[in-house]
1. Any chance you could run the full-extension gain for GLU226 through PHE247? It's 0.36 nm times the residue separation minus the Cα-Cα distance, nm to one decimal.
2. For GLN772, enumerate residues with amide H under 5 Å from its amide H, sequence gap 5+ or separate chain, H modeled in the peptide plane.
3. Heavy atoms only, 1.4 Å probe, whole protein assembly: order PHE477, PHE658 by accessible area, highest first.
4. Report the relative contact order of the chain, percent, no decimals, based on alpha-carbon pairs under 8 angstrom and at least 6 residues apart.
5. Quick one: which of 523-536, 561-574 comes out on top by average Cβ neighbours within 10 Å, and what's the full order, highest first?
6. With all distinct Cα pairs included, what does the Kirkwood hydrodynamic radius of segment 141-193 come out to in Å, to one decimal, could you say?
7. Gain in length, LYS599 to ALA168, computed as 0.36 nm per residue apart minus the alpha-carbon separation, to one decimal in nm?
8. At a threshold of 8 angstrom on Cα-Cα distance, excluding pairs fewer than six apart, so keeping six or more, what relative contact order does segment 37-161 reach in percent?
Amino acid sequence: MPEEEKIETTEATELTDEVLETMPALALRGLTVYPKMMVHFDVGREASVKAVEEAMSQGNPIFLVAQKDIRVEEPDQEHLFSMGTVAVVRQILRLPGRTIRVMVEGHYRARLVELVQSDPYLMVRVEQMEQEEPFEGKTNSLRAEAAIRQAYELFDRYSELSPKTASAEMLMNIMSSEDAGYIADFIAQNVAMRVLDKQSILDELRPVQRLNKVNRLLRREVEILEMEQSIQRRVQENMTQNQKDAFLREQVRVIQEELGEDGDNEIAAYRRQIAAAKLPEEVEEKLIKEVIHLEKQPYGSAEASVLRNYLDVCLELPWTKTTKERANVQAARKVLDGDHFGLEKVKERILEFVAVKQLAPDLKGQILCLVGPPGVGKTSIGMSMAKALNRKLARISLGGVHDEADIRGHRKTYVGAMPGRIINAVRQAGTKNPLLLLDEIDKMGSDLRGDPAAALLEVLDAEQNSTFRDHFVELPFDLSEVLFITTANTTSTIPKPLLDRMEVIELPSYTDEEKLQIAKNHLLPKQLKRHGLKKSQLKLTDDAIREIIVSYTRESGVRILERELGSLCRKAAMGIVSQTYKQAHVNGDNVETFLGPRKYHPEKEGMENQVGLVNGLAWTAVGGTLLEAEANVVPGSGKVELTGNLGNVMKESAKAAFTYIRSRAVQLGVEADFYKEKDIHVHFPEGAVPKDGPSAGITITTAMVSALTGIPVRGDVAMTGEVTLRGRVLPIGGLREKSMAALRNGIHTVIIPKDNEKDLEEIDQTVRNALQFIPVDHVDQVLANALERPPLAQPAADQGGDVPLGGAGARAQTSLPSA
């Protein structure tokens, strides 16, 4: 015997009639011990080992009770069943490590009354159940005798079906007893059953009823074993037949080799693959024709190579293979919440889609388009959907694709021909119902070789894609079961017919608070792991993360934020490796020590009120931004000069503002003939950046009025809105991103069109609480709130009222900065 194994034994301790109320307890996982049974098992948990050693050393009994959940490491009373067995530890075998093997003998049933202590081991107070008198000398009732005979018969059959589990010695042990209670306990102890079934037997105190319950469970086990044997027998018969077929095929192959007919093996292999694939009738006929064609070709000919490549591709396609979809809202919610923070409305829309799939699994034609700025998680949400729905994922990047053949493939007669990206993705996924993620669908181009967007019209049309024909395959392939998820930064560059086939889900920019939580819970742990740092080696405060967000990034998503955190981790790793410090503490005051000078200085709390300088708000593909407008008046001949790399729409907004001011010159306190003797120059800084859009209308108007009247504009006010010739303020888009930009830049008041008041519900609550929003429907209201003093002398109605000149719908935004 190895030295590390030591056996300790105790003399058989007979329990007295006195009930022992308090004793050590051992929580069993997946095991139930019955009275009068000798059982051995391994004990590994420290508390359990101490309980066994205590009972062994004191010669006291121990209470054995099963756990309800075997995964619980430190069980309380609520984790234990109420009924257990009081037993005596007969032997302990110490194994290497802290594990011991114990042998116990059960004595009587007991009910758990109270858990007295849990440290250093479980101590319980139990109530002894009534023990029956010894059976010797008693006579069974007819009901008991019938149950016992049934148990003999069932256990005999069980031992035949499972000789390794039930030995002949066990059968003899049962046959030699007429005690119904003992027989029930013995069978339950030695037959494999579920834990709950074994516990229900332990709970039953009446012997005959206990044996009847065991008989029912034993009959079920016998039926299961008989079914297993039947299945195994059929499998063995099939294997025998397959082995026979394989032997005959091998003989045929050897004969063909002797006759020099090796080329037929390839043809036969193709025929077998086609027969085994269970292809659609049209596909099978086409492939068989190609095999016949290949059979007639010389082995090394170019045509034979083309045919082999074609057959290989077609046979690799999953014509009938599918994966079982898991349309479960709770599972999808758990996956989305685990992978993404925030984006509640987007998650809710995706969960609605999953709920519909759960109620209508056969529903087809669901094509979603996730639209949002870079870095907000469009691609990762698509991947999370594939994981939540248990679908295979294949990603296709469409950025820069400008050839129709990339989508539909090339005809197989061309040299180097291959299938299109759609068929290739399905082929790689290996199933006909994958999730295809079409990334950057807004960045496709077109040239003389065709338009890939036009080719996608059939792919993304639920009424047509059930018979999609790739130029290479030349056979109809069913794409109706594929779930298409597309991503884009903007819908303005997606052709309208293609956009009409997709349901658009917009992903908004992250707020600073959302970025903080994402950085703490996702990005920072990821970067720490990537750079080999422990959590204790880099302490990053919330103020430090906020400082990085505000002063080192300017984005809608979190990609640059992740790179800055990675840079921070590298600096910390360098300091730790060079033993400059053992632990890096980063707060809002010392961020510059690690990341260098601040890249952005957005705070404008101290901005003064100035004449002709107005804070406008613009939308860009990376989120909102503050867009200043400057106006200056100089002697001249009435020209309006516009600079700052402006688009046509923005130039027209300036002309409309100029005409409005001319029409209301007297009421605005401006000389009636100012347009004859003065030139107005309007400039938007950062001239290298293209700017366009209608929402700078009230910004330009306010700047011009301020420059003409000499009244300063409030520096803590920003504005956005389209202006008409009659001074009406029309709605705009991108209000959520623009309001976040205003907050980042220290703005206190935001003037918005009245028709955009409903969009305030979409804005984050933190932003809404920090800013004052003033809805307006006329320029008079804009000037009253933006200028230090209102220039208006009388109401705007004196100028003839607001005559409708055009539609007031919100204008589409572009990827350029849109004022």
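The values are calculated or read from the model by the stated rules, or taken from the named source; none is laboratory data. No experiment lies behind these values; they were computed from the predicted model shown. In this analysis, Cβ positions are derived from the backbone assuming ideal geometry, glycine residues included, and neighbour counts consider all displayed protein chains. Ligands, DNA and RNA are excluded from the accessible area calculation, which covers all protein heavy atoms including side chains. Shrake-Rupley method; radii C 1.70, N 1.55, O 1.52, S 1.80 Å.
1. 4.4 nm
2. Those qualifying (amide H under 5 Å, at least 5 residues apart or on another chain) are THR749, VAL750.
3. From most accessible down to least: PHE658, PHE477.
4. Reported relative contact order: 7 percent.
5. In descending order of packing, they fall as 561-574, 523-536.
6. Hydrodynamic radius (Kirkwood, Cα only) of segment 141-193 equals 11.1 Å.
7. So the chain would gain 146.8 nm between LYS599 and ALA168.
8. 23 percent
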